[in-house]
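The values are calculated or read from the model by the stated rules, or taken from the named source; none is laboratory data. The shown structure was predicted, so the numbers you read here are calculated from the model rather than taken from an experiment. Here the Cβ is made from the backbone with ideal geometry for all residues, glycine too, and neighbour counts use every protein chain on show. Side chains included, ligands, DNA and RNA excluded: accessible areas come from the protein's heavy atoms. Shrake-Rupley method; radii C 1.70, N 1.55, O 1.52, S 1.80 Å.
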Amino acid sequence: MAVTQRRGRRIMMTGEELNAFLAGQRTCRVATVDEEGRPHVSPLWFAWDGTSLWLYSITRSRRWAQLRSDPRIAVVVDDGHEYGELRGAELSGTGVFVGEAPRTGEPCPDLEAPERLFAAKYFGMDRMPHDGRHAWLRLTPDSVASWDFRKIPQG
């Protein structure tokens, strides 16, 4: 995984911390841009496989249409309520569409692992239910910045 963080090294997550954090969180915020460069940010469920973030998006969404025109994407996953509890990660790069769109469950070896992770995480199931409205997007980040304010000395 690419890590390009320069500032805040003392509060950045280690690779192990980042993997555990991304695997445990449920919602991310996905940023895309339209043809005129206007940003659009929306929440989405995801799965993390240790290398890539797998986003399960409605294919008739604004986000999906924008990514079809411009595959650049940034995603933020964060957590914490009080200042000293804040932690998170920003991952950015190019989104890649994987499998059929919308997804109906046709065999796709590239989707076996992310669908298993996603189904267990959100549905408590072994197999992914398909509704014919969603499809997969993979983000293998070019850059990652993370922070964990719990590492800031208190007092």
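Ignoring ligands, DNA and RNA, what percent of the accessible area of the chain is carbon or sulfur (1.4 Å)? C and S atoms contribute 50 percent here. Pairwise alpha-carbon distances in the stretch 7-96 exceed 21 Å for 35% of all pairs. Label sites at Ala113 and His40, each approximated as a point 7 angstrom past Cα along Cα to Cβ, lie 3.0 nm apart. Expressed per residue, the C-alpha convex hull volume of the chain stands at 121 Å³. With the simple model of a label 7 Å out from the Cα in the direction of the Cβ, Ala120 to Arg9 spans 3.5 nm.
Using a simple charge model, +1 on the beta-carbon of Lys and Arg, -1 on the beta-carbon of Asp and Glu, nothing else, what dipole does the chain show about its Cα centre, in debye to the nearest 20?
Rounded to the nearest 20 debye, it is 320 debye.
Solvent-accessible surface of the stretch 82-132, averaged per residue with a 1.4 angstrom probe and all protein chains in place: 57 square angstrom.
Taking Pro109, Pro129, Pro141 as the candidate residues, the one with maximal mean-square fluctuation in a Gaussian network model of the chain, Cα springs under 10 Å, is Pro109. Each of Gly37, Leu55, Pro71 was placed along the dipole of the stretch 37-79 (beta-carbon charges, centred on the mean Cα), and the one lying farthest toward the positive end is Gly37. Model label points for Thr51 and Ala23, set 7 angstrom from Cα along the Cα-to-Cβ axis, are 1.6 nm apart.
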